[in-house]
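Below you'll find the structure, written out as structure tokens, and then a few comments.
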Amino acid sequence: MEAIERNFLSDDLITITFLLGFVLLFLMKLYKPQRLLGYSIAFFTQGFIEKRSEETTSLLSPFHGVMFTFSVIIISLTFFTLITSFTLEKNLFLFLLILGVTAFYFIAKYLISYLIINVFSMQEDLNYFLYSKNGYLYSICLWIFPVLIINQYWFKDIFFLLFFITLLLVFRVYLILTNNKRMIFNQFFYFILYFCTLELAPLLILYKTITI
């Protein structure tokens with residue numbers, strides 16, 4: 001009986017999370033429908049990311065705040081789904097832990113990147129690179145959301161989910177490197193500095209924190 005109750009609790013948690021995702025999508029659709037559409041098809045329209053990088057809109061704007069929240073929730077739910085598919089243990093604490101760690105990771109990374117870029121005056125060099133990374137990450141989350149729903153309520157295949165996510169991540173890396181190859185070769189020192197400081201260091205710190 002306890003196992004059944006825990007399963008109901010986890011299913012309710014996932015359903016509530018999906019509903020929250022729909023609410024956030026509705027808010028973005030209501031506030032900036034064209035921008036939401038642009039992020040959803042950014043993989044196939046390079047001009048959208050270029051246009052966004054040229055604008056002075058802050059990443060702390062209302063739309064980006066909602067999109068960031070949506071992305072953190074989707075990424076956390078993805079990790080939760082993958083982990084529980086292999087461990088078969090679903091509980092509220094695990095989801096909140098993953099959600100907290102994910103939110104902390106991306107917020108810390110954004111703050112550190114903002115500090116490093118301003119200290120070394122690299123705004124012009126890395127502006128498009130940063131926007132392409134964030135933009136394609138938003139696109140991935142928008143694409144993963146319906147697949148998570150299908151995986152939860154209809155076609156439950158964790159290996160298909162893994163394959164789909166891996167395919168999107170590889171495509172994202174390919175687009176980022178392809179669209180920023182001139183910057184990477186011309187500003188190789190800044191690129192290495194950024195990669196080591198903001199990509200590798202946070203992961204190492206997170207790993208050390210978890211394994212202590």
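The values are calculated or read from the model by the stated rules, or taken from the named source; none is laboratory data. Quick caveat, the model's predicted, so the values are computed rather than measured. Using ideal geometry, Cβ is built from the backbone for each residue, glycine included, and neighbour counts are taken over all protein chains shown.
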- Tabulated pairs, region 149-169, first without any contact (Cβ under 8 Å) to a residue 24 or more places away in the chain and more than 18 Å from Ile14 (Cα to Cα), second hydrophobic (A, V, I, L, M, F, W, C) and surrounded by 12 or more Cβ atoms within 10 Å (Cβ to Cβ), C-beta under 7 angstrom, 6+ apart or interchain: Phe164/Val147
- Of these, Phe195, Phe164, Phe155, Phe191, which one is in a helix (DSSP H, G or I) and either more than 14 Å from Lys133 (Cβ to Cβ) or modelled with pLDDT under 65 (or both)? Phe164
